[in-house]
Amino acid sequence: MGFEIAAAFRRCGSAMLGLIVGASLLATDAASADRTPAKELFGAKALPAAMTPSAYGSYAKGCLAGGVAIPTDGETWQAMRLSRNRRWGHPQMVALIERFSRDAAERVGWPGLLLGDISQPRGGPMLSGHASHQIGLDADIWLTPMPQRTLSYQERESISATSMLQKNKFLTVDPSIWTPTHARLIMLAASYPQVERVFVNPAIKKKLCDTWRGDRSALGKVRPIYGHDYHFHIRIKCPDGSTGCKGQARVPRGDGCDKSLAWWFTDEPWAKPKKKPEKPVKPKFAMLSDLPKACALVLDGPAPASEQEATYGTAYRAAAVAPAPAAAPAAAVPAAATSIEAVIGAAAAAPLENIPVPLPRPALQ
Ligand SMILES: [Zn+2]
């Protein structure tokens, strides 16, 4: 009896030890995750979290579950800077870009979009570049039209966009580069109800204020900001069902061609800081614990089998090839892809044959 108890204690003891070791390993993991800036944790993820699509947190502090990649190439777009792996967005964002690119070609005469950054596969802070773009609801579009030919991988890394600003002149759009088509493109972007803000350089906003003769109801969504003379930035509102997504206040009423714009043409936004800080301030990086709690789950969430599986359009292509069975097995299709149709809604969904299928990345040349 005594022996049995002792043996049971030993078994139990080793199990306890296992638990303790396991727990301390977890604690070590957690501790190192606590010391590692969130941008390194999220920047290291090559694939999204295969979860129900949802944006968590705010545009500049959050993460993305169920991200989908926009294909590198579509008929009316080409993605740039592929090495950054920032072609990932909430399915609603990716659906909007696809639709916008088609509308721009058909209605504005813009031959195609060159796409800059959307988000990392799981969103989150980035190692370089942006403060926002963290929840898959922001996208940068170049102000340079897409060329007729397919750009090589190297070209997509090295080609520069063109600034719309006149050199050696204060905040002035260059009339030899800017065209009414640029204006129509930006106003088209602002016209979608899900788009809440379009960020442009103050000179571009002023140009629109001075020259736009069409409907001005969406002009207020076009917001002046530093930079943004090579590209513009589209921000959509929190998608329905993303309960953990923190949106922004609506833009003020009116076209924004007012004193809020005039301020950009004063010295104040461009003045150097008056006093230098006495001690150099250590940059403080956001840690995982600074982000919404759900972001720890997003970081640890399962990845899809491949990038292809989580690329926008995959599910549509599968549906076109084989009719859906009466009771579709939910697990057969990646979670991120199944809900695309649901999230963009039947009215907004394009006919099947127009949905671009994912293409392989252009070969390294
Ligand atoms: Zn941006």
*Select from the stretch 241-261 the residues that are under 30 Å from THR211 (Cβ atoms) and surrounded by 12 or more Cβ atoms within 10 Å (Cβ to Cβ) and list them in ascending order.*
GLN248, VAL251, GLY254, ASP255, GLY256, CYS257, ASP258, SER260, LEU261
_Selection status of PRO147, away from the ligand (no atom under 16 Å from the Cβ) and within 27 Å of PRO283 (Cβ to Cβ)_ = no
*Selected residue [among the β-branched types (Val, Ile, Thr) and at pLDDT below 95] from VAL281, VAL298*: VAL281
*asked:* With the structure loaded, tell me whether GLY109 is away from the ligand (no atom under 14 Å from the Cβ) and touching a His at 6+ places or on another chain (Cβ under 8 Å) or whether it fails that test.
replied: no
*Does the stretch 80-97 hold any residues that are touching a Gly at 6+ places or on another chain (Cβ under 9 Å) and farther than 21 Å from TYR59 by Cβ, and which are they?*
MET80
*Which residues, taken from the stretch 216-236, are within 13 Å of the ligand (Cβ to nearest atom) and among the polar types (S, T, N, Q)?*
none
_Just the residues that are small (Gly, Ala, Ser) and over 16 Å from ARG156 (Cβ atoms), please, taken from the stretch 58-92._
SER58, ALA60, GLY62, ALA65, GLY66, GLY67, GLY89
*Can you find a residue in the stretch 181-194 that is under 30 Å from ALA65 (Cα atoms) and either within 13 Å of the ligand (Cβ to nearest atom) or acidic (Asp, Glu) (or both)?*
yes
_Restricting to the stretch 142-162, count the residues that are under 25 Å from PRO180 (Cα atoms) and small (Gly, Ala, Ser)._
2
*On the given criteria, is ILE204 touching a strand residue (DSSP E or B) at 6+ places or on another chain (Cβ under 9 Å), within 21 Å of GLY89 (Cβ to Cβ) and within 16 Å of the ligand (Cβ to nearest atom)?*
no
*Which pairs do you get when a residue that is free of Cβ contacts under 8 Å to residues at least 24 places away in the same chain, found in the stretch 250-270, comes within reach of a residue that is assigned to a helix (DSSP H, G or I) and of a type outside the set (Gly, Ala, Ser), reach meaning Cβ atoms under 7 angstrom, with the pair 6+ apart or on two chains?*
TRP263/PRO269
*Consider HIS90 against the criteria (1) more than 16 Å from the ligand (Cβ to nearest atom); (2) under 23 Å from ALA305 (Cα atoms): it satisfies all of them except one. Which criterion is unmet?*
(1)
_Yes/no for GLY241 being free of Cβ contacts under 8 Å to residues at least 40 places away in the same chain, on the phi > 0 side of the Ramachandran plot and not basic (Lys, Arg)_ = no
_Subset of the stretch 113-130 [within 14 Å of the ligand (Cβ to nearest atom), at positive phi and touching a strand residue (DSSP E or B) at 6+ places or on another chain (Cβ under 8 Å)]_ = GLY123
*Name the residue, out of GLY74, GLY124, GLY109, that is small (Gly, Ala, Ser) and over 26 Å from ALA49 (Cα atoms).*
GLY109
*Just one of the numbered conditions (1) over 19 Å from the mean Cα position of the chain (by Cα); (2) of a type in the set (Val, Ile, Thr); (3) over 20 Å from THR72 (Cα atoms) is not true of THR144; which one?*
(3)
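The values are calculated or read from the model by the stated rules, or taken from the named source; none is laboratory data. Small disclaimer: the values here were computed from a predicted structure and weren't measured. In this analysis, Cβ positions are derived from the backbone assuming ideal geometry, glycine residues included, and neighbour counts consider all displayed protein chains.
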